[in-house]
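Working notes for the structure below.
The values are calculated or read from the model by the stated rules, or taken from the named source; none is laboratory data. Here the structure is a predicted model, which means the values were calculated and not measured. Ideal geometry is used to build each Cβ from the backbone, glycine not excepted, and the neighbour counts take in all protein chains shown. Accessible surface is based on the protein model in full, side chains and every heavy atom, while ligands, DNA and RNA are left aside. Shrake-Rupley method; radii C 1.70, N 1.55, O 1.52, S 1.80 Å.
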Amino acid sequence: MNGPLRVGVLGPVTAWVDGVPVPLGGPRQQAVLARLVVAGGRLVTTDRLVDDLWDEPPRGAVAAVRTFVADLRRRLEPGRAPRTPARHLVTDGPGYALRGAEVDAQELERTTGDARDLPPAAARSALDRALGAWRGTPYAGLDQPWAVTERSRLAGVRLVAVERRAEARVALGEAADVVPELDAHAAEHPWREEAWRLLALALYRSGRQADALAVLRRARALLADELGVDPGRRLAELETRLLRHDEDGAAPAARDVWEQTTAAYERVVAAGARTRLESTATLLRTLALTGGDGLAEARHRRVAAVRAAEQLGDPELTARVINASDVPGAWTRSDDAALAAELVAAAERTLGALPAGAPDAVRARLLATVAVESRGLPGPRGSSAAHEAEALARRSGDPAALAFALAGRYLTRFERTGLAPERDAIGTELVSLAGRHGLSTFEILGHLVRLQARSALGDLEAAQRHADAADALGTRHERPLVAVFTQWFGTLREAASGAPVADAERAYRAASGTLAGSGMPGVADGLLPLALLALRVGRGRPADGLPAADDAGWGPWAPWARPHLHLARGAAAEAADAVRRLTDPPPGLLAEVLWVLAGRAAVAVGDVRVARRAAEALAPAAGETAAGSGMLTAGRVADHLDVLAAILGN
């Protein structure tokens, strides 16, 4: 049975059968295959092939073409039985066609076209793969007119692909990193307005407005002096927006509507009106979804709004203010534990003060708030509130209340390791429920939950599908924080694929840039060094070169890092003492990783007691991967259990 056939023309003409390179014979024979690639699966007659292979066809040219085709068939389908039809280089009437083969040039064209409609992370990943197939001059060594024409056309496709990949990287927050690439690209292709536009945009996003405007002026002068033309619409519009500091601003019409509406609100609604509190809470919900400073501002001002509502002594108003900010969380550690505890207390007081006839949906949302904001806080209240919220929400028939209740249940479903299948089921219901009822925020959450759960279950292909779906929704609904999780997942996937440690670490460090200014300290604090340590431990590598044990950069994860850091510098006694002091990791997305770190450190210092605790804690997750966060991984849990079993004598 023949394996899949792949043909490469983005360089010398090459073919692979089942991933193994195949010699294609002499230049004319290679040219036959190349000409059929250019035809894109359509028939090329024998006469056409003769004319396209020779300027002056020799006697016997037709017979030569048939010989070339027969030999190519033997090479491309080595397992084909005699006298059976060819699968790839097929006879079609008076000529031949190439069918059923993967062709790198076609993949590049297809991906470049599709990238316009993909979310940035998916576009970048797809374009990286397609451009990675570029091996030099297309159709190298072939000088027939059709090859020269196709070579020029593909060079143009590649330029568009390079620009669309750069645009995706800028959208993903990598503007500063992509500036050198775009600078060289614009210098090499000075007539491409898109190259200048993207370079200016990347400079502006890097905080270099003056340089961005200088680039646009240079482009304008070059186009005028050399070509006698003015900049195109997109280039001119960008210059205008940069001068107004409005590169990411709304369209003028949208700004006008906003300004007119807020002015009318200020004029008409009394300053002390209760409706202002409800409107403020709704606005804060939208602000939180913008991420960055918006999320941080919304977090603090939400508490102020709830305090103000409680002072009015109207529990139903307070419930509406609390419930208006039903922003779910995708991470199990709170960004601000003190503020979260205050919100939990306010929701509990409001629940107790509501009249007996308050609707189930109102109570369900308050209980869901208790569950969501209790993540990372000690005690069982979060879990019990989540179950109560779900029961009331199902009884109410309110899909939005149920979605929020499921979000709370997800964030509290970490009582032990090995619960990824249950969280996956919650994510599945969230995606379905939210998709049916247009609840985009919860649909995104559902995909992120499934991304995390499928990562823990070792199903990275399914996790990637959910990452792509979350990215698409995030782009459509302007949810910038989605890209933080999906880009980190891409790094996890690279690490899990067996990429060299140095490459995986570079990818993690690049991904850490997405956390800066994200407004999610509960996610960001200590995540990068923890990811690097988990990678090292998962690969059996020492923790040398990582921040010191007392470095604040480790955040809350320092206790589980400390033994490995001591071991890396040969301080066995300090490592053993650090292992003895270890407490159980907090329940959450990183529990399996932290237990792996504790267990492997215990093995290294010979601490049987801690090794046994780790083995018992990890046993329910024996079939999973320590990657439940969807952002970092320490490898298969079973592998670590085997190491623990050795010291425990199991």
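Observations on the structure shown:
- Taking 7 Å steps out from each Cα toward its Cβ at residue 241 and residue 106 produces label points 3.7 nm apart.
- To the nearest ten degrees, helix 558-568 and the longest principal axis of the Cα atoms of the chain are 50 degrees apart.
- Computed over every Cα-Cα pair of the chain and binned at 20 Å starting from 0, the pair-distance distribution P(r) comes out as 16, 39, 33, 12, 1, 0 percent.
- Per residue, in Å², the accessible surface of region 3-145 once ligands and nucleic acids are set aside, probe 1.4 Å: 49 Å²
- For residue 206, no residue has an amide H sitting under 5 Å from its own, ignoring neighbours fewer than 5 places away on the same chain, with H placed 1.01 Å from N.
- Part-to-part distance (alpha-carbon centres) for region 1-58 and region 478-533, which is given in Å: 43 Å
- Ranked by how many other beta carbons lie within 10 Å on average, peptides 132-145, 581-594 from highest: 581-594, 132-145
- Basic side chains Lys and Arg get +1 at the Cβ, acidic Asp and Glu get -1 at the Cβ, and with that the dipole of the chain about its Cα centre reaches some 1060 debye.
- The 3J(HN,Hα) values that the Karplus relation (6.51, -1.76, 1.60; θ = phi - 60°) gives for region 569-576 are, in residue order, 9, x, 8, 5, 5, 5, 5, 4 Hz. Gly and Pro appear as x.
- The magnitude of the dipole of region 352-438, with charges of +1 and -1 set on the Cβ of Lys/Arg and Asp/Glu and taken from the Cα centre, is near 60 debye.
- The stretch between residue 217 and residue 353 holds 42.5 nm of extra length on full extension. This uses 0.36 nm per residue minus the Cα-Cα distance.
- Within the accessible area of region 268-426 (1.4 Å probe), percent carbon and sulfur: 56 percent
- Taking label positions 7 Å along the Cα-Cβ direction at both residue 499 and residue 462, the computed distance is 2.4 nm, reported to one decimal.
- Residues whose placed amide H lies under 5 Å from that of residue 80, excluding near-sequence neighbours: none
- Where only DSSP H runs of four or more residues are counted, the chain gives -20500 deg cm²/dmol as its mean residue ellipticity at 222 nm, each run worth -39500 (n - 2.57).
- When only alpha carbons are used to place a centre, region 320-376 and region 545-604 end up 34 Å from one another.
- Gain upon complete extension [residue 429, residue 271; 0.36 nm per residue less C-alpha separation]: 52.7 nm
- Cα-Cα P(r), region 472-539, percent of pairs per 10 Å interval: 20, 49, 26, 5
- As a length-normalised measure over Cα pairs under 8 Å and 6 or more apart, the relative contact order of the chain settles at 9 percent.
- The translational diffusion coefficient of region 441-599, from Stokes-Einstein at 4 °C and 1.567 mPa s with a Kirkwood hydrodynamic radius over alpha carbon pairs, comes to 78 µm²/s.
- Cleavage-rule hits (GluC sites (Glu not before Pro)) in region 463-564: DSSP loop, at most 13 neighbouring Cβ within 10 angstrom: 478
- Shape of region 527-650, Cα gyration tensor, a/c cut at 1.5: oblate
- Cα long-axis angle, helix 27-39 against the chain (0 to 90 degrees, to the nearest 10): 50 degrees
- Where N is the number of residues in region 155-202, Cα Rg divided by 2.2 N^0.38 Å: 1.00
- Mean shadow area of region 84-217, taken as a quarter of the surface of its Cα convex hull (nm²): 10.8 nm²
- Dipole magnitude of region 42-157 about its Cα centre (Cβ charges: Lys, Arg +1; Asp, Glu -1), debye to nearest 20: 480 debye
- Annotation: amide H of residue 140 within the under-5 Å range of 11, 13, sequence separation 5 or more or interchain, hydrogens built in the peptide plane.
- Think of region 256-297 as having a plus end and a minus end, set by charges on the Cβ of Lys, Arg, Asp and Glu; of 292, 257, 269, 269 sits farthest toward the positive end of this dipole.
- Pairs of Cα atoms farther than 21 Å apart, region 260-375, %: 36 percent
- Given in Å, the Rg to one decimal and the Dmax to the nearest whole number for the Cα atoms of region 327-473 are 15.1, 49.
- With all pairs of different C-alpha atoms in the average, the Kirkwood value for the hydrodynamic radius of region 10-107 is 13.8 Å.
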